[in-house]
1. Among the residues of the stretch 262-307, write down those that are part of a helix (DSSP H, G or I), under 16 Å from Pro237 (Cα atoms) and out of contact with any Leu (no Cβ under 7 Å at 6 or more places or on another chain).
2. Name every residue in the stretch 229-253 that is more than 23 Å from the chain's Cα centre (by Cα), outside any strand (DSSP E or B) and surrounded by 14 or more Cβ atoms within 10 Å (Cβ to Cβ), in order of residue number.
3. Can you find even one residue in the stretch 27-34 that is hydroxyl-bearing (Ser, Thr, Tyr), in the same structural domain as Gln13 (by TED's automatic domain parsing) and at pLDDT 85 or above?
4. Applying the selection to the stretch 135-169, what residues are part of a helix (DSSP H, G or I) and buried (at least 22 other Cβ atoms within 10 Å of the Cβ)?
5. Run Leu131 past the list (1) modelled with pLDDT of 90 or more; (2) outside any helix (DSSP H, G or I) and report the number of the one that doesn't hold.
6. Restricting attention to the stretch 197-248, and to residues there that are farther than 20 Å from Thr186 by Cα and among the acidic types (Asp, Glu), which single residue is modelled with the lowest pLDDT?
7. Scanning the stretch 40-94 for residues that are on the phi > 0 side of the Ramachandran plot and either modelled with pLDDT of 90 or more or among the charged types (D, E, K, R) (or both), which turns out surrounded by the fewest Cβ atoms within 10 Å (Cβ to Cβ)?
8. Taking only pairs six or more apart or across chains, which ones have beta-carbon atoms under 9 Å, a first residue in the stretch 129-156 that is farther than 18 Å from Tyr299 by Cα, and a second residue that is among the β-branched types (Val, Ile, Thr) and at pLDDT below 90?
Amino acid sequence: MMHIFIDENTANQRFDRFLRKRCKAYPEVKLSDIYSRIRKGDIKVNGKKSKEEYRLKIGDEIEIGETLLGKKDPSALITTKERKLNKLTKEKIQPMIIYEDKNRVVFNKPAGVVLHESNKHRNDLSMNDYLEFYAQELKKGTFKPSFGYRLDKDTSGVLIGAKNYEALQYINEIIRDREIDKTYLTIVAGNPPKHLIIDKAIEKNYNSKFDRAQMKVSKDWQDSKTECFKIKTIHHPELGQISLVKVKLHTGRMHQIRIHLSSENYPVIGDLIYGNPAINRKGNKLLHISRQLLHCYQYSFIDHEGFPLSVTAPIPEDFSKIFGEIDTSSL
C-alpha cells in the first residue's frame, strides 16, 4: 500500500487533479482508471471513500494500492518543456548573443525560430526557451527574463531580453512612447524611390487560408508610419529587379513593414502572405528562399540609466546570397 501525506505544497487541490499529476509517472494508469478507482473506493482519503471534487487538506492521508499503479517510469514526469531545455547548453546559445550587460541580453534571432511556444510549435525550441535557459539564475520571485517586444518567426535580427523587471518595464515604455530607433533591412521586388514615407492606417483581421491574423491597409484604424531608404537596386537573373531597402519604423504594428511595402507594390521577397506569389515560387524553387527577407538590423535608445545604446545584428547569409556582398557603411 502506498501512503501519501498532504502538506502545505499539495493542499487545496481537488482529489482527482492531485491523482492525475501523481499518476503521470505510471504510464499503465489511464485517466478512466483514476476516476473508476475513486468511485469504487480503491483509492481512499483518511481510510474512507472520497468524492473526486474533494479539496485536500494539510495532514490528509491518501492510500493507493501499489498493484493498481503498475510499473513506475520516472521519465514520464519530464515535461515537453524540460525535454526541450535539456537539449540546450550555454555553449550552443553563446554564438547567438550579440550584446550583454547587467540589465539585458541581446540575441541575433535566427529566422525560423518562434518567439514563444504555441500549439503549432509545441515541440520546437523558442526564443523564450533560449532566454530562460541562458538567464535561468536571474529568476527572482514571479519575474523571469523576458523579451520587450516580438519578432515574427521568419524575421531575423536584434531581439532584446530584459534581465530584471526595471529593464523590461523601461523597454516596454520607450517602445510605447516611440523613444527608440528601430531599423530593419529587407529585400523587395521592384525599384522603389530613394526615399519613401508610407503613412497608412492598418487594420487587423483573420485569414482563414493561413489560419492566422492578417493585417490590411484601412482608412479608419491604427495610425502606422514606415520610412524607407533604398540602398541599392539590381537586376537579379531569376527574380528580376529587386532592391535592398533600409526601413525605419515610426510605429510598431503587426506586420507593418510587410503590409506597407506590399501596398506600394514593393512586396518583400519570400513573404507568403503579402508578397508576389510568382516571385516567391521562383525564389523558393531556384534559390531556396524559405522565409520573408526581413531582418531587424539595429535598435538604438537611451537606456534607463541614461547611457546611449545601439545594438546591430550582422547581415544574414541569405541576404548576401541573394544580393551579393552588402556594404554596411552605406547603411
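The values are calculated or read from the model by the stated rules, or taken from the named source; none is laboratory data. Owing to the predicted nature of the structure, the values given are computational and were not obtained by experimental measurement. Positions of Cβ are backbone-derived with ideal geometry, glycine not excepted, and every protein chain shown enters the neighbour counts.
1. Those that are part of a helix (DSSP H, G or I), under 16 Å from Pro237 (Cα atoms) and out of contact with any Leu (no Cβ under 7 Å at 6 or more places or on another chain): Ala278, Arg281, Asn284, Lys285, Leu286, Leu287.
2. The answer is Leu239, and nothing else.
3. yes
4. Of everything in the stretch 135-169, just one residue is part of a helix (DSSP H, G or I) and buried (at least 22 other Cβ atoms within 10 Å of the Cβ), namely Ala167.
5. (2)
6. Within the stretch 197-248, the match that is modelled with the lowest pLDDT is Asp211.
7. By that ranking, first place goes to Gly47.
8. From residues that are farther than 18 Å from Tyr299 by Cα, the pairs are Phe133/Thr89.
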